[in-house]
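The values are calculated or read from the model by the stated rules, or taken from the named source; none is laboratory data. Bear in mind the structure is a predicted one, so any value in this text is a computation, not a measurement. Don't worry about glycine lacking a Cβ; one is built from the backbone with ideal geometry, like all the others, and counts go over all protein chains shown.
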Amino acid sequence: MDVKRTKWNGFIRLAKRFASDERGLETVEYAIIAGIVVAGTVATIVAIGTWVSGALTTLQGELGGAPVG
């Protein structure tokens, strides 16, 4: 039982030290911002692709072309 308590106390100390350590905090912030930018870029590209696909499908229908795919 004492071994478990010692391991748990060690974990608690490690967690407290990790929480108080501010080194690398800017890196994490920049990584989060980069992730948000990437997600926004992907969403924009998907939206544009959907719009272009719809426009081309409409054009194909107006020109009387056979359905593709």
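Key figures
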item	result
Residues within segment 37-69 that are exposed (fewer than 10 other Cβ atoms within 10 Å of the Cβ) and among the aliphatic types (A, V, I, L, M), tallied	3
Residues of segment 1-46 that turn out to be modelled with pLDDT of 85 or more and not in a helix (DSSP H, G or I), as a count	0
